[in-house]
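The values are calculated or read from the model by the stated rules, or taken from the named source; none is laboratory data. Note that this is a predicted model, so its numbers are computed, not measured. When we count neighbours, we look across all protein chains shown, and the Cβ atoms used for this are built from the backbone with ideal geometry, even at glycine. Surface accessibility is based on the protein's heavy atoms, side chains included, excluding ligands, DNA and RNA. Shrake-Rupley method; radii C 1.70, N 1.55, O 1.52, S 1.80 Å.
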Amino acid sequence: DGDASELERTRQYMNEAFQSGAMTCLICIASVKRNQAVWSCCGCFCIFHLVCIQKWAKDSLFLVSSPLTDDDFGKKDYPWPCPKCRFEYKRSETPSKYYCYCGKVENPTVDPWLVPHSCGQICEREFKPSCGHKCLLLCHPGPCPPCPKMVTTTCHCKKAKPVPRRCSAKEWSCRLPCGRTLLCGQHACENPCHAGDCQPCPRVSKQRCICGRQTAERLCASPQWQCDQVCGKCLPCGNHTCEQVCHAGPCGDCPRSGKRSCPCGKTKFTLPCTEDVPTCGDSCDKVLECGIHKCSQRCHRGPCEICRQEVEKQCRCGKHTKRMPCHKPYLCETKCTKIRDCQKHQCRRKCCSGNCPPCDQVCGRTLGCRNHKCPSGCHRGSCNPCPETVDVKCNCRKTVIKVPCGRERTIKPPKCKQLCSRPPTCHHSTQEKHYCHFGRCPPCRQPCQKTLTCGHLCPVSCHDEALVKQTGLHQSAGPWEQPSEPAFIQTALPCPPCQVPIPVECLGQHEVSPLPCHAANPYSCKRLCGRLLDCQNHTCMKECHHVTKLNSSADGKKAGPECSQCEEECTKPRPAGCPHRCVLPCHPGDCPSCHQMLKIKCHCKLSVLYIECLKLTCADLKEKELFISCRNQCPKELPCGHRCKEICHSGSCPLNCSQKVKLRCLCKRLKKEVQCSKIQEGQVSLECDALCKEMKRKAYEIKEAEAKAALEEEKRRQQAELEAFENRLKGRRKNKRRKDEVEVEQSSWQKYKNLIMLPVLGVAVVMV
């Protein structure tokens, strides 16, 4: 709901900046690169090279400050304008350093992830018009967008409740009548709620003029008005009337009353208003127009004459003097030879004061665009950028962009959204839709749709203008010659073979496959023929082939004369248990009965039996059991270790062994004969009696006594060895002890310390 007029600046800036593909400095007509120092105008936001704008400002200040007159020279601080929008800057605002767009960072570093010439920080420039908020976008070129902050504000007339709105559109109208009292004080404003002061009252009413003589219908907003009549009221003197036009209030005193001066102003008289003031007779002495001399006439009415005194005058250039009347200017005929500010042409003005005016000739130098000449007056420094713009058009001339003059050679043509209107170059009546372009149209990709010899339409892309590589046109003179790039010519190619699928049955009638129209002939599917031969057991193993039907009613799955003949043996399944083959070749129907003799072993694998195959295969389970049995005792051993008592049989032997065995108690003293099967089943056991237990106890006591005696013997042996070892360590004593010396009983440590320390010392020595 804001003012969209401000967005026009942004739209124009974006259009000019990016439509032509790159930013352009309007001073040097060159592209602005990301690693170059730049300056941005705060009026139009156009970007220039820093060096270019500094030179521009210097030249502009020199041209503007060129002295036109002696009085103005060096007294004014002339501004310099932007090359594009002519926004004026002071001399002190001439850029000297390279800053980012927001002006925070000097010499911003080049960052490929940021906008060129941006510091990457928050902009924080104040919005225009100022609202107290700052821009929160990252440092950016161009104008800041409208303020996006939300504020609570009421309408212009303050009647509506405050509502939250964007700060940039905080001023809004409730569309209710304003109602404020107008300046007329009688009526109220009837316009919808609006900003600013109310418009003047539009109503009409009858109003008197200031003097009250006339009445007219006038706008209520301007109640005071003057008529055209002179007042005419008699003044207080009674001799004259008021000469003022319609006025309010009293007319005032007569202007001829009181003290009045003579024309020269030296003498004052008090006279009636009906008498004129006489001259005083003294000299006038008013300063003449020359500003040097005074009027020498007597006091007179009217203006003084021109100064006619002769004086010695110097010309404007100061080279000549001459005596002449004071009122006449003196200009000599000498022409000025000074070089004007353009530093090219002489002044050539007669009697020049030295402050030569700017050169009035046309510059005529070729501008940077190389197309036009400078139309400005002759000047120093570089010329202004070419003000002209050039239209860069697409091929169809319907899409146009305007670029600065001189850039049309490097700017790419605009992308046109119009369809190409060129006629097709192939056999089609219309070409594919594509956008306007320069150069040749792209190859036609529409289906060819020409009728082939088979009657179908060609489905491939149009091939009237196919590029074909030419070979063999140029033969190299030797290996030193570089091979040239292959040449391509545009020619029409014939339609390819028809690829429309046609259902075709194979020779053996196994399948129906879709084949390309140009190759739709009977074919072999490479499968086996599979037709049933005369043996009714096997099929034809030949590769898919043609089969002649002997009669029309024959089955399509039966073999024909072209199929192979069966030469295999009979492979029909034999009766269960018959290991022999059929004696006939492959034949239809059942096989004959087998009368061969079978050589098999009996159940116990000890005897070989000969039985007719037919009898064995036709017998039931019981008969087979009898046929295979040798009628001898089974040679297998039972788990108990005895031989099976049954006649030769199949399967596992029965576990009820009837063999008699001897059963003993634990001490092996008692024994008893029982049946083997009862022992295996745990039904019989033989326990020791009281006599067995007594004998067992006595044997244990004897064994304990023997073990105790052996232990005592071992202790005595070890004690004897220890005493012998101690005697060897003591050696022979030098002095014999007295016989009557009482032996002192030694402690345990004294007795055995040598036995303990000797091994310890030995181990220590070994470790060292």
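Under a crude label model (7 Å from the Cα following the beta-carbon direction), how far is L663 from K158 in nanometres?
It works out to 13.0 nm between the two label points.
Using a probe radius of 1.4 Å on heavy atoms only, what accessible surface per residue do you get for the stretch 310-352? Whole Å² is fine. Please list the in-between numbers first.
Values: 2970 Å² over 43 residues.
Ligands and nucleic acids excluded, the figure is 69 Å² per residue.
Using 0.36 nm per residue of separation minus the Cα-Cα distance, give me the extension gain between C420 and R34 in nm, one decimal. Kindly include the intermediate steps, with their values, before the conclusion.
Details: separation 386, 0.36 × 386 = 138.96 nm, distance 3.69 nm.
Fully extending the segment from C420 to R34 adds 135.3 nm.
Between L271 and E190, what length in nm is gained on full extension when 0.36 nm per residue of separation is reduced by their alpha carbon distance?
Working: separation 81, 0.36 × 81 = 29.16 nm, distance 6.16 nm.
That pair, L271 and E190, stretches by 23.0 nm at full extension.
If you take the Cα atoms of the stretch 230-283, find Rg, then find the Kirkwood Rh from the mean of 1/r over all pairs, what is Rg/Rh?
On the way: Rg = 13.9 Å, Rh = 12.7 Å.
Computed over Cα atoms, the ratio is 1.09.
I'd like to check one number: the per residue accessible area of the stretch 154-203, probe 1.4 Å, reported in Å² as a whole number. Write down the numbers at each step before the final one.
Working: 3520 Å² over 50 residues.
Computed with neighbouring chains in place, this is 70 Å² per residue.
Modelled label-to-label distance, K335 and Q718, 7 Å Cα→beta-carbon offset: nm?
15.4 nm
Sort 329-342, 144-157 for me by packing, meaning the mean count of neighbouring Cβ atoms within 10 Å per residue, highest on top.
On the way: 329-342: 14.6, 144-157: 16.2.
Output ranking for 329-342, 144-157: 144-157, 329-342.
Using a basic spin-label model with each label point 7 Å from the Cα along Cα→Cβ, how many nm lie between K605 and E243?
16.9 nm
Considering the zone a paramagnetic label at R180 would reach in this model (a point 7 Å from Cα along the Cα-to-Cβ line), which residues of the stretch 141-173 have amide N under 12 Å from it?
It comes to 156-159, nothing else.
Would you please state which residues of the stretch 566-604 a label at E623 would reach in this model, taking the label point 7 Å out along Cα→Cβ and a backbone N cut-off of under 20 Å?
574-580, 591-603
At 10 °C and 1.306 mPa s, what whole-number value in µm²/s does Stokes-Einstein give for the translational diffusion of the stretch 139-266, with Rh from the Kirkwood sum over Cα pairs? Could the numbers behind the result be given before it?
Values: Rh = 20.5 Å.
Rounded to a whole number, D works out at 78 µm²/s.
For the stretch 581-667, take the convex hull of the Cα atoms, compute a quarter of its surface area, and give me that in nm², please. Intermediate values should be presented prior to the final figure.
Values: hull surface 34.2 nm².
Its average projected convex-hull area is 8.5 nm².
Amide H neighbours of Y435 under 5 Å, counting only residues 5+ apart in sequence or on other chains, H built in-plane at 1.01 Å?
Residues meeting the criterion, in which the H sits 1.01 Å from N, are C420.
Shape of the stretch 668-708 from its Cα gyration tensor (a ≥ b ≥ c, root eigenvalues): rounded if a/c is under 1.5, otherwise prolate when a/b > b/c, or oblate? Write out the running numbers ahead of the final one.
Values: a/c = 4.41, a/b = 3.15, b/c = 1.40.
Verdict is prolate for the stretch 668-708.
What FRET efficiency comes out for the pair A519/K450, r = Cβ-Cβ distance, R0 = 35 Å, nearest 0.05?
Values: r = 20 Å, r/R0 = 0.57.
Between A519 and K450 the formula returns 0.95.
Given a Förster distance of 45 Å, report the FRET efficiency between K128 and T215 from their Cβ-Cβ distance, rounded to the nearest 0.05. Before the final figure, lay out each step's value.
On the way: r = 51 Å, r/R0 = 1.14.
E(calc), rounded to 0.05, equals 0.30.
Counting Lys and Arg as +1 and Asp and Glu as -1, each charge on the Cβ, what is the dipole of the stretch 79-206 about the Cα centre in debye, to the nearest 20?
540 debye
With a 1.4 Å probe and all protein chains kept in place, how do F627, F488 rank by accessible area, largest first? List each step's numbers first, then the result.
Details: F627 85, F488 120 Å².
These residues rank, largest area first, as F488, F627.
Can I get the semi-axes of the stretch 310-352's equivalent ellipsoid? Compute them from the C-alpha gyration tensor as square roots of 5 times the eigenvalues, in angstrom, largest first. Walk me through the intermediate numbers first.
Working: eigenvalues 144, 12, 9 Å².
With the √(5λ) rule applied to the stretch 310-352, the semi-axes are 27, 8, 7 Å.
Work out the charge dipole of the chain with +1 on the Cβ of Lys and Arg and -1 on the Cβ of Asp and Glu about the Cα centre, then indicate which of I611, T366, G439 is farthest towards its positive end.
T366
For the stretch 612-696, what's the relative contact order in percent, using C-alpha pairs closer than 8 Å and at least 6 residues apart?
Numbers: 93 pairs, mean separation 15.0, N = 85.
Relative contact order of the stretch 612-696: 18 percent.
Taking the structure as given and computing Rg/Rh (Cα atoms, Kirkwood Rh), which label from (i) 1.40; (ii) 0.99; (iii) 1.03 fits?
Checked against the structure: label (i).
Can you give the FRET efficiency to the nearest 0.05 for Y435 and T366, using r as the Cβ-Cβ distance and R₀ = 41 Å? Working shown, then result.
Values: r = 37 Å, r/R0 = 0.91.
Efficiency computed from Cβ-Cβ geometry: 0.65.
Whenever you get a sec, compute what percent of the accessible area on the stretch 310-352 sits on carbon and sulfur atoms (1.4 Å probe).
Details: 1360 of 2970 Å².
After summing per-atom areas, the C and S share lands at 46 percent.
Please work out how much length the chain gains when fully extended from H293 to K558, using 0.36 nm per residue of separation minus the C-alpha to C-alpha distance, in nm with one decimal.
Values: separation 265, 0.36 × 265 = 95.40 nm, distance 15.24 nm.
Between H293 and K558, full extension yields 80.2 nm more.
Take every Cα pair under 8 Å in the chain that's 6+ residues apart, average their separations, divide by the length, and report that relative contact order as a whole percent.
Working: 1169 pairs, mean separation 30.2, N = 768.
Reported as a whole number, the value is 4 percent.
Taking the Cα centre of the chain as the origin and placing charges on Cβ (Lys, Arg +1; Asp, Glu -1), which of A216, V583, G641 is farthest toward the positive end of the dipole?
The residue sitting farthest along the positive end of the dipole is A216.
What residues qualify as long-range amide H neighbours of R298, i.e. H under 5 Å apart, gap of 5 or more or another chain, H built at 1.01 Å from N?
Sorted by chain and number, the residues that satisfy this are C284.
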